[in-house]
Amino acid sequence: MFPSFFEMNREILLEPGENSFFSVDLQEKMVSETVSIFYHPNNKQIAEDILKNERKHIMFLNQFYKVNLSPEIIFFLYPSKESMEEAFKRPLPHAQCCFVPIKGDVSLVTLTALISSKSLNQIMIHETSHIFFHILTGNYEVDNISQVMPLWLEEGLALYLDSRYREDMQKIIANRLKMLNENNTDYFPDLMDLYTYFNRLDEHQEFGPKGQMAYAYSFFCVTRLIYSYGIDNVVTFIKALDPEKNINEMFFSFFKLPLSHFNETIKKLVLNADERMVENFYKENFKNVD
Ligand SMILES: [Zn+2]
């Protein structure tokens, strides 16, 4: 155990009452300048991979956002789902669960060693994208349910960026559209309602069907926004966001389009999608991703 670490990072490891995400299984520690990984002795190789790759992701995101950030990030690499559940003190939806609860200047990413080396990079850039977004926008969580920045923008960006490490994006695009179209009877995500944790409150399980739809919808919103206005403009918009400013007004002043109209455009795009649209959407946005 690491008493000094607990002292230093009390606010992220301890919820206001008592809940620490730390586990007794995390006996080893590996550090670089700004990244620390706590892991089980059996998972040294994965910990090394995380340390090596995280540098690459941070460099990429600095280039993407044209900034020079070196965020302090702590990884808890649990040996099993059970170990992670014990640390969270509740059942979790799946073994690849990752969270970035940000408190203060330190970000915590939690994951299990069951992750395949293929999905490791995808998950790492996704979570690191959340960290950059929080730093750049001043986003913060309110009562563990809501946050001050639109979640469609944050999750959509993370999904846009993690597509670098996903294979067969065309199929993923088709599947996401299929899900949105098949399940729209009682719920269709609306950008104006996506400020919270994807309405998970009325679902029994995190990342249930509504949450999945909201993720998929967010992906199309951000990808379309970037396609229509260019990465530079979207990045400038993100960097101009501020918890004190009204997001609808900000959106309108940057894109000369009310957020509600943009929402209607995306809804139409998604509802009218056919095979050709999938193919075009893939070609336009992901074929030449370097
Ligand atoms: Zn995410």
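Straight-line reach from residue 66: taking Cα to Cα under 17 Å and skipping same-chain neighbours fewer than 8 places apart, the lysines in range are 56, 239.
Take the Cα of residue 24, step 7 Å toward its Cβ, do the same at residue 249, and the gap between the two points is 5.5 nm. Amide H contacts for residue 99 (H built 1.01 Å from N in the peptide plane; partners 5 or more residues away or on another chain; cut-off under 5 Å): 110.
Sites listed here are chymotrypsin sites (Phe, Trp or Tyr not before Pro) in the range 67-169 whose DSSP assignment is loop and whose Cβ has at most 13 other Cβ atoms within 10 Å: 140. Taking trypsin sites (Lys or Arg not before Pro) across the range 223-265, the ones in a DSSP loop with at most 16 further Cβ atoms lying within 10 angstrom of their Cβ are 245, 256. Whole-Hz Karplus values for the range 217-230 come out as 4, 4, 4, 5, 4, 5, 4, 5, 4, 5, 5, 6, 10, x Hz, taken residue by residue from phi with 6.51 cos²θ - 1.76 cosθ + 1.60 and θ = phi - 60°; glycine and proline positions read x.
Extension gain, residue 227 to residue 279: 0.36 nm times the residue separation minus the Cα-Cα distance gives 17.2 nm.
Taken together, the values in this text are just the output of simple stated rules run on the coordinates, not laboratory data. Quick caveat, the model's predicted, so the values are computed rather than measured. A quick note on method: Cβ atoms are made from the backbone with ideal geometry, for glycine too, and the neighbour counts reach across all protein chains shown.
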